[in-house]
């Protein structure tokens, strides 16, 4: 049995977004499902600490950090057209970023093999200067910078399977060869970035890998991309730590986008990632929750991912699959195009 940590604190519920699609019920439902399952006694509970301002400043400007804090202290409001904060949001965001740092410590110090941070607000859209797409601080980017600064490693692979492109994470490492950013996302879709030709700059050229997927693609297409593109790229890069932006909003029941992933599909992606981590970096992985807004799809997908990470092969998929109608030739052509782009 693999050792899997779950990083959570009730402070994440203090990020009060009201009836916003990104709301506290996402975690409440997921925790309830875990509590009812046999997993609750198999997971190692890990309590996060808040990230420090210095740790956040490796990714975000001091001016922006102050802006978020002051907005929350004033009672909250909208930071951009999509992103709202409340009085408790700054504290929650410090702990969300800190949860990723706590997870890195737990994995790198061999307390657990893998740690899953069950957090909100999410992070992968947040840039140096701006909140975006429900995100305040870029939890995954802060964690990668922290790991590089505090441990004797110099290669981190970030895998982002949220349905939206993680523009903030890409920006943080676009000129960096120590972090390889790999993203699958519906394209075109918010925030409009993540084209195939966005591959990095300067010494980071080739270390950004964007997979812009077509509307309606699902389990078969995602699995092919992970097996035929991610796997060879990971084997070539040889990461010493893998960090996953785990967004479950490409599920067919989630109406924030138009993809057709299933809970079983997410279990399969987790399995592929786990095999790569076991092969390349003694299983060292940190999963950080990003999107996912259909409560049953989200909670059941997380549960399935945790089952796979624990080493189990059985999981529940109460919603089933929605078959896609992509022609194999279309998928094969797409995969070949991406492979050529990245010299696979």
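Any read-out appearing in this document is the output of simple, stated calculations on the displayed coordinates, not a laboratory observation. Model, not experiment: these values are computed from the prediction. Methodologically, a virtual Cβ is constructed for each residue, glycine included, from the backbone with ideal geometry; neighbour enumeration extends over all protein chains shown.
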Of everything in the range 204-221 that's out of contact with any helix residue (DSSP H, G or I) (no Cβ under 7 Å at 6 or more places or on another chain) and closer than 18 Å to residue 332 by Cα, which residue is surrounded by the fewest Cβ atoms within 10 Å (Cβ to Cβ)?
215
Only residues that are touching a residue at least 60 places away in the same chain (Cβ under 8 Å), within 25 Å of residue 262 (Cβ to Cβ) and either assigned to a helix (DSSP H, G or I) or touching a strand residue (DSSP E or B) at 6+ places or on another chain (Cβ under 6 Å) (or both): list them for the range 191-215, please.
209, 211
Quick one: count up the residues across the range 3-17 that are touching a strand residue (DSSP E or B) at 6+ places or on another chain (Cβ under 8 Å) and over 14 Å from residue 40 (Cα atoms).
4
If you go through the range 115-138 one residue at a time, do you hit one that is in a helix (DSSP H, G or I), touching a helix residue (DSSP H, G or I) at 6+ places or on another chain (Cβ under 6 Å) and touching a residue at least 12 places away in the same chain (Cβ under 8 Å)?
no
Quickly run through the range 277-304 and pick out the residues that are more than 11 Å from residue 248 (Cα to Cα), touching a helix residue (DSSP H, G or I) at 6+ places or on another chain (Cβ under 7 Å) and part of a helix (DSSP H, G or I).
280, 303, 304
So, in the range 12-40, exactly how many residues are over 26 Å from residue 256 (Cα atoms) and touching a residue at least 60 places away in the same chain (Cβ under 8 Å)?
2
Give me the pairs: first residue in the range 322-344 and free of Cβ contacts under 8 Å to residues at least 60 places away in the same chain, second residue assigned to a helix (DSSP H, G or I), beta-carbon distance under 6 Å, and six or more apart or on different chains, which are they?
none
Could you run through the range 306-344 and say how many residues are part of a helix (DSSP H, G or I) and over 23 Å from residue 296 (Cα atoms)?
14
